[in-house]
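K.L.:
I'd like to ask you about the structure that follows.
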Amino acid sequence: MFYWISLALAVIALGVICVTLFRHWREIRLINPESIQEERERRKREELIMQRFERMKSDKFGPLVQLAKRAILAGKTVFHAAYIKLIRLEKYYNQAKSPFSFIAPSAKERIKTLLDEARSLQRDMKWADAERRYLDVLALDARNWDAYKGLGLIYLKQKLYPQAKETFDFLLKMKKADDVCYAALADIAESKEEWGLAEDMRKKAVDFQPRLANRQAELAQFYLERKLTDKAWTFAKRAAELEPKSAKYLELSLDVAILVRDRLEAQRRYDKLRLLSEDRPKLQAFKDKIEGIS
């Protein structure tokens, strides 16, 4: 009987506690231990004790930590030296196993040799042999743009315009076109009398390499052949400025200066040309033209 009474009282007391906690839970949750003076002092004592313990540990174990770090560094150095030695041994072993393997040229060296041979054959106008070398390069490296460019120039020199255009259009599509590519496409356009396209390609060649005198001269010659002497003068003059010791570009600029009837410029360029050229009949012809400018 007593047991059941005690149990009933305990249940009632627990219920009261739960009700109290439920009613005042918001206030209990807002209690901040930091606001209690004793709690703050207790935490401060603990922090001081921990700081002192850390100092003691540092003083006591500091030399041991440094010694351990040095030991680890020494171990890493020894391991690295052993690793390098192992790599070298493996290299020597491979050379001993295949003593003549190092003589065989790498693919990169082979490509360079083939390109040099192709360019040499191209200069000698041995088109078939040069083409074969370029194709050998592409067999080793299907994305070798120098080989494609070489093939395109071979086709262009042989007036195989469809093959040349296909090659240079491919370079253009792959965004690997340079001044050589644009100049070649201009030549192909001129062969088909597509003057607008030819002019556009000549301009792109100049824009790609603005400091190449031959690109400036090619555009000047293009305008000169179309009787656009004012436009030709700009580029002919620039070509002569880029290579002042070139009689060829000086003659071109002198020709255009005479055509635009600029006697002062023509006389200046004639005086320079006399120092570079020994072609007396040509010089006399230029002199007569200059004197004929009113």
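K.L.:
If you take the residues in segment 178-221 that are of a type in the set (G, A, S) and farther than 21 Å from Y161 by Cβ, which one is surrounded by the most Cβ atoms within 10 Å (Cβ to Cβ)? Full working, then the answer.
P.N.:
Here is the first cut: in segment 178-221, the ones of a type in the set (G, A, S) are 183-184, 186, 189, 191, 196, 198, 205, 213, 217, 220.
Now narrow it down to the ones that are farther than 21 Å from Y161 by Cβ: 213, 217, 220.
Values: A213: 20, A217: 25, A220: 29.
For segment 178-221, the residue satisfying everything is A220.
K.L.:
Continuing with the same structure: Looking at D141, D230, D178, D169 in this structure, which one is of a type in the set (D, E), over 30 Å from E109 (Cβ atoms) and within 32 Å of the chain's Cα centre (by Cα)?
P.N.:
D169
K.L.:
Another one. Among the residues of segment 222-242, are any surrounded by fewer than 18 Cβ atoms within 10 Å (Cβ to Cβ), among the hydrophobic types (A, V, I, L, M, F, W, C), out of contact with any helix residue (DSSP H, G or I) (no Cβ under 8 Å at 6 or more places or on another chain) and closer than 30 Å to Y161 by Cα?
P.N.:
Taking segment 222-242 as the starting set, the residues that turn out to be surrounded by fewer than 18 Cβ atoms within 10 Å (Cβ to Cβ) are 225-228, 230-231, 234, 241-242.
Adding the requirement that they be among the hydrophobic types (A, V, I, L, M, F, W, C) leaves 228, 242.
Narrowing the set further to residues that are out of contact with any helix residue (DSSP H, G or I) (no Cβ under 8 Å at 6 or more places or on another chain) leaves 228.
From what's left, closer than 30 Å to Y161 by Cα: 228.
Checking segment 222-242: at least one residue is surrounded by fewer than 18 Cβ atoms within 10 Å (Cβ to Cβ), among the hydrophobic types (A, V, I, L, M, F, W, C), out of contact with any helix residue (DSSP H, G or I) (no Cβ under 8 Å at 6 or more places or on another chain) and closer than 30 Å to Y161 by Cα.
K.L.:
Any residue in segment 104-127 that is over 13 Å from G150 (Cβ atoms) and of a type outside the set (D, E) sitting within a Cβ distance under 8 Å of a residue that is at pLDDT below 95 and outside any helix (DSSP H, G or I)? List the pairs, counting only those 6 or more apart or interchain.
P.N.:
Once the first residue is over 13 Å from G150 (Cβ atoms) and of a type outside the set (D, E) and sits in segment 104-127, its partners that are at pLDDT below 95 and outside any helix (DSSP H, G or I) give A107/D141; T113/P105.
K.L.:
Tell me, yes or no, whether segment 274-290 has at least one residue that is assigned to a helix (DSSP H, G or I), of a type outside the set (D, E, K, R), within 46 Å of the chain's Cα centre (by Cα) and exposed (fewer than 13 other Cβ atoms within 10 Å of the Cβ). Spell out the reasoning first.
P.N.:
So the first thing to find is which residues in segment 274-290 are assigned to a helix (DSSP H, G or I), and the list is 274-276, 280-290.
In the following step, the residues that additionally are of a type outside the set (D, E, K, R) were identified as 275-276, 281, 283-286, 290.
Filter once more, keeping what is within 46 Å of the chain's Cα centre (by Cα): 275-276.
From what's left, exposed (fewer than 13 other Cβ atoms within 10 Å of the Cβ): 275.
Yes - at least one qualifying residue is present in segment 274-290.
K.L.:
Sticking with this structure for a sec: What is the one condition in (1) more than 21 Å from L135 (Cβ to Cβ); (2) among the hydroxyl-bearing types (S, T, Y); (3) surrounded by 20 or more Cβ atoms within 10 Å (Cβ to Cβ) that Y148 does not satisfy?
P.N.:
Here Y148 meets the rest and fails (1).
K.L.:
Looking at segment 206-227 only, could you name the residues that are more than 37 Å from the chain's Cα centre (by Cα) and in a helix (DSSP H, G or I)?
P.N.:
Quick first cut of segment 206-227, residues more than 37 Å from the chain's Cα centre (by Cα) only: 224-227.
L224, E225 - these are the residues of segment 206-227 that are more than 37 Å from the chain's Cα centre (by Cα) and in a helix (DSSP H, G or I).
The values are calculated or read from the model by the stated rules, or taken from the named source; none is laboratory data. These numbers were taken from a predicted model, which means no experiment stands behind them. Positions of Cβ are generated from backbone atoms using ideal geometry, with glycine treated the same way; all protein chains shown enter the neighbour counts.
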